[in-house]
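**Q** Have a look at the structure that comes next, please.
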């Protein structure tokens, strides 16, 4: 089984964020970077499927030179090889990003494509499903469990209010993986050594035959939430005031 896993490099969660002078993004010079957490779970699921059914896992990532660190981590954990699309993804919307990824995936003709549910930085949650549409693959989102059965897979999807959905899909297919699907592994010392000898194919948009395009979604301004205080007085008897307070806490503050 050949599995392609799309992984993204995102700012580390404990980074100190400052808005850049342009007001359109954060100051990247201050940031440390790490593997996008949902994508880390997608990689873990791919590695577990490989251990059960054989085959290979290919890590696919796009971004500037610093993304090589994320790719090395994926290789150290057990991915067999990697593809690095050397393009600045910061200005691309999910459709433009998915077109780049799709061009790289097509040449591999994988049995399964895995992505994280969404990215920790922008959080669109759209790239995976758009990628499935561009590749013409059946897909499922918010996947919590994957089982391979011959030329098909059975997946468990998380719905709302504690509900789940079981479904069967033919291969090839694309799945977006929910965080927490399993326990993430650490890279071993042997894995880190082996990662240095594994293949990393470096491509550009021109190599993939994808024309550069402007983003359809543009961030106009980012800013920190403004803090404000508001006082509301409840009238009536103590019992009536208490009932109004409970209603506000339950339906507006949502703390009850």
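**Q** Residues of the stretch 193-214 being over 14 Å from residue 76 (Cβ atoms), touching a residue at least 40 places away in the same chain (Cβ under 8 Å) and part of a helix (DSSP H, G or I), which ones?
**A** 205, 208
**Q** Return only the number of the condition from (1) within 30 Å of residue 211 (Cβ to Cβ); (2) at pLDDT 95 or above; (3) over 17 Å from the mean Cα position of the chain (by Cα) that residue 59 does not satisfy.
**A** Checking residue 59 against (1) within 30 Å of residue 211 (Cβ to Cβ); (2) at pLDDT 95 or above; (3) over 17 Å from the mean Cα position of the chain (by Cα), the one that fails is (3).
**Q** Looking at (1) in a helix (DSSP H, G or I); (2) at pLDDT 95 or above; (3) within 25 Å of residue 146 (Cβ to Cβ), which is the only condition residue 97 fails?
**A** (2)
**Q** Further, regarding this structure: Does residue 104 satisfy being in a helix (DSSP H, G or I), within 21 Å of residue 199 (Cα to Cα) and in contact with a strand residue (DSSP E or B) (Cβ under 7 Å, 6 or more places away or on another chain)?
**A** Considered against the rule, which asks whether it is in a helix (DSSP H, G or I), within 21 Å of residue 199 (Cα to Cα) and in contact with a strand residue (DSSP E or B) (Cβ under 7 Å, 6 or more places away or on another chain), residue 104 comes out as yes.
**Q** Here are 253, 173, 215: which of them is at pLDDT 90 or above and either touching a helix residue (DSSP H, G or I) at 6+ places or on another chain (Cβ under 9 Å) or over 30 Å from residue 52 (Cβ atoms) (or both)?
**A** 173
**Q** Every residue in the stretch 76-107 that is surrounded by fewer than 17 Cβ atoms within 10 Å (Cβ to Cβ) and under 23 Å from residue 141 (Cβ atoms), please.
**A** 106
**Q** So for the stretch 31-50 (the condition being assigned to a helix (DSSP H, G or I), touching a strand residue (DSSP E or B) at 6+ places or on another chain (Cβ under 8 Å), at pLDDT below 95 and surrounded by fewer than 17 Cβ atoms within 10 Å (Cβ to Cβ)), does at least one residue qualify?
**A** So far as the stretch 31-50 goes, no, none of its residues is assigned to a helix (DSSP H, G or I), touching a strand residue (DSSP E or B) at 6+ places or on another chain (Cβ under 8 Å), at pLDDT below 95 and surrounded by fewer than 17 Cβ atoms within 10 Å (Cβ to Cβ).
**Q** From 75, 131, grab the single residue that is modelled with pLDDT of 95 or more and closer than 15 Å to residue 177 by Cβ.
**A** 131
**Q** May I ask you to verify whether residue 110 is touching a residue at least 60 places away in the same chain (Cβ under 8 Å), farther than 22 Å from residue 193 by Cβ, part of a loop (DSSP other than H, G, I, E, B) and in contact with a strand residue (DSSP E or B) (Cβ under 9 Å, 6 or more places away or on another chain)?
**A** yes
**Q** Considering only residues that are surrounded by fewer than 21 Cβ atoms within 10 Å (Cβ to Cβ) and in contact (Cβ under 8 Å) with a residue 60 or more places away in the chain, which ones fall in the stretch 51-73?
**A** 52, 53, 68, 69, 72
**Q** Would you pick out the residues in the stretch 122-158 that are loosely packed, with under 14 Cβ neighbours inside 10 Å and either under 10 Å from residue 175 (Cα atoms) or more than 18 Å from the chain's Cα centre (by Cα) (or both)?
**A** Residues satisfying the conditions are 136, 147, 149, 150, 151, 152, 154.
**Q** Would you mind stating whether residue 248 is surrounded by 10 or more Cβ atoms within 10 Å (Cβ to Cβ), out of contact with any strand residue (DSSP E or B) (no Cβ under 7 Å at 6 or more places or on another chain) and over 30 Å from residue 58 (Cβ atoms)?
**A** yes
**Q** Only one residue in 222, 231 is in a loop (DSSP other than H, G, I, E, B) and touching a residue at least 60 places away in the same chain (Cβ under 8 Å), so which one is that?
**A** Only one candidate qualifies: 222.
**Q** Also, quick follow-up: With respect to residue 119, determine if the residue is within 12 Å of the chain's Cα centre (by Cα), within 19 Å of residue 192 (Cβ to Cβ) and not in a helix (DSSP H, G or I).
**A** No; evaluated as a whole, the condition is false for this residue.
**Q** Can you confirm whether the stretch 179-192 contains a residue that is outside any loop (DSSP other than H, G, I, E, B), surrounded by 10 or more Cβ atoms within 10 Å (Cβ to Cβ) and in contact (Cβ under 8 Å) with a residue 24 or more places away in the chain?
**A** Yes: the stretch 179-192 contains one or more residues that are outside any loop (DSSP other than H, G, I, E, B), surrounded by 10 or more Cβ atoms within 10 Å (Cβ to Cβ) and in contact (Cβ under 8 Å) with a residue 24 or more places away in the chain.
The values are calculated or read from the model by the stated rules, or taken from the named source; none is laboratory data. Given the structure is predicted, the values throughout are model-derived calculations rather than measurements. We place every Cβ from the backbone using ideal geometry, glycine too, and count neighbours over all the protein chains shown.
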